[in-house]
Amino acid sequence: MTKVFIDGSAGTTGLRINERLAERKDIEIIKLDESVRKDPSARKEALFGADIAFLCLPDAAAVEAAELARGSDTVIIDTSTAHRCASGWTYGFPEVIGREEIAGSGRIANPGCHASGFISLVAPLTEYGIIPKDTKLTCFSLTGYSGGGKKMIAEYESDERDLLLDAPRMYGLTQNHKHLPEMARYCKLDNNPVFCPVVAPYYSGMEVVVPLFGDMTDCKTEEIKKAYRQYYKTGLVKYSDCEENGFVSAGSMSGRDDMIISVFGNDDRILLVSRFDNLGKGASGAAIQNMNIVMGIDEKTGLQEKSI
């Protein structure tokens, strides 16, 4: 029986992880009484008593929790932004980073949701030399409002919500979005992309788009499709040309834990598209996949995969 502690179980990601693991017979969840949930001594004892601990906390609190766990044998999976580019931490995207590295790591940083979509599309292209590493890219990313956490969920689901929330809203206007460092780093890009994240009035699901002009690569669309199929042979990322009668819905993967990669357009103007659930492969599903790899069991255990 693997002992698991979720530090920050009251947040959106923590709640989802707790709900998922509660159904598993191979997991024992260490729980703290509400009165000591934020007490450093109680948290440290729980961190040391667990085999695996999830940090579902704001960045500063995640750094504090990692320090509390220093000296323990506990495997830490951090879902915050804090350690995604930090020395000594392994980036938890097994289909890109590799399962062996994650399995042997005691400190795993779960990827950001927008970043997961971008990296899934671009990392194979730079690795295979389909685009140069100095390519200057743009990225459009559409997400459901659950990606903003409990406060944003409450705003969108309020009976008295602002009418502006009825339409999609672009943010990250300063081009300093917190996901940019990991997007460039794990795609081995020389430049951060121009990134346009948009939150829309639906609960969950993501659609990340990276457009290319044909002269940005020597490869045709069919060659790019072949490269993706070769790169994503196993795991929760797969290639598919599926669409919905000429449309591609950002909610098509809601409730799932896998990810679909597609290529649309033509050889002159190419659209690379990644679809997944911001709460699944973009958050709690990815964290559980990493936990399964650490445990040495089927990485898809307890996860929902779509047949295509």
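The values are calculated or read from the model by the stated rules, or taken from the named source; none is laboratory data. Note that the structure is predicted; figures quoted are calculated from it, not measured. So basically every Cβ, Gly included, is an ideal-geometry build from the backbone, and we count neighbours across all protein chains shown.
If only one of G106, G129 is more than 20 Å from A10 (Cα to Cα), of a type in the set (G, A, S) and either in contact (Cβ under 8 Å) with a residue 40 or more places away in the chain or not assigned by TED's automatic domain parsing to the domain that holds V210 (or both), which one is it?
G106
For the stretch 247-265, give me each residue that is surrounded by 24 or more Cβ atoms within 10 Å (Cβ to Cβ) and either out of contact with any strand residue (DSSP E or B) (no Cβ under 6 Å at 6 or more places or on another chain) or of a type in the set (D, E, K, R) (or both).
D257, the sole residue that qualifies.
Considering only the stretch 180-250, give the strands (runs of 3 or more DSSP E) lying wholly within it that have at least 3 residues that are of a type in the set (V, I, T).
Answer list for the stretch 180-250: 194-200, 206-213.
Conditions tested, residue by residue: (1) of a type in the set (G, A, S); (2) surrounded by 23 or more Cβ atoms within 10 Å (Cβ to Cβ); (3) out of contact with any helix residue (DSSP H, G or I) (no Cβ under 6 Å at 6 or more places or on another chain); (4) more than 19 Å from M253 (Cα to Cα).
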site	(1), (2), (3), (4)
G117	yes, yes, yes, no
L121	no, yes, yes, no
L125	no, yes, yes, yes
Y128	no, no, no, yes
K136	no, no, yes, yes
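Under the condition of being surrounded by 24 or more Cβ atoms within 10 Å (Cβ to Cβ) and basic (K, R), which residue from the stretch 266-304 is farthest from C113 (Cα to Cα)?
Checked the stretch 266-304; the qualifying residue farthest from C113 (Cα to Cα) is R275.
Could you list, in sequence order, the residues of the stretch 132-160 that are in contact (Cβ under 8 Å) with a residue 12 or more places away in the chain, of a type outside the set (A, V, I, L, M, F, W, C) and not in a loop (DSSP other than H, G, I, E, B)?
Within the stretch 132-160, T138, S141, T143, G144, Y145, S146, G147, G148, G149, K150, Y156 meet the criteria.
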